[in-house]
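Bear in mind that the values in this text are calculations on the coordinates, not laboratory data. As the structure is a computational prediction, the values presented were derived from the model and not from experiment. Backbone-built Cβ (ideal geometry, glycine too); neighbour counts: all protein chains shown.
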């Protein structure tokens with residue numbers, strides 16, 4: 001048994017469970033140590049999650065009570081982005097997120113006008129894996145998993161605590177990225193991050209069971 005667990009594999013089938021409040025909105029998922037070993041990943045690496053849609057997140061260790069279970073914990077938006085609900089099965093693969101050259105986000109909510117600078121937006125999504133079609137929320141801010149290349153905490157709060165016409169949460173959809181595939185915002189100053197209120201894109205079904213809110 002131990003010998004089998006040590007073998008690496010390209011993908012795993014895991015059952016979806018909800019995220020705890022502390023993990024909501026941080027673009028992270030929780031996986032058991034066996035999944036880490038078999039996928040050949042380390043904490044903070046990108047994983048690809050395939051349900052009806054494909055999304056990406058940063059891998060964190062499982063909660064102690066989840067060890068030994070074939071479980072992945074996703075928050076509500078992540079479940080919507082993957083097109084799955086609680087108890088569904090997803091395919092998890094080792095992922096790759098290339099450094100972004102351009103990222104364009106649009107409002108996922110109707111009748112919402114966006115205001116904010118590209119620089120503030122870059123700080124908001126710094127380090128987060130982004131996939132075209134995914135919806136992200138600005139209701140909470142996150143610090144990167146890795147210790148390198150960090151911005152000060154108050155910089156992260158800048159954009160996440162901004163209100164849009166009294167709303168405490170802004171949902172943005174990833175309209176386009178360059179290069180193709182999953183990307184991440186790095187330190188490079190040349191990346192272009194844009195807010196657009198004119199783009200019409202289809203958001204995942206946020207009203208589906210287990211996917212309608214940001215929460216676990």
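Just need a number here: residues in segment 63-74 that are farther than 22 Å from residue 137 by Cα, in contact with a strand residue (DSSP E or B) (Cβ under 9 Å, 6 or more places away or on another chain) and not in a loop (DSSP other than H, G, I, E, B).
2
Please determine, by comparing only the residues of segment 43-62 that are part of a loop (DSSP other than H, G, I, E, B) and touching a strand residue (DSSP E or B) at 6+ places or on another chain (Cβ under 8 Å), which one is surrounded by the most Cβ atoms within 10 Å (Cβ to Cβ).
Among them, the one singled out is 62.
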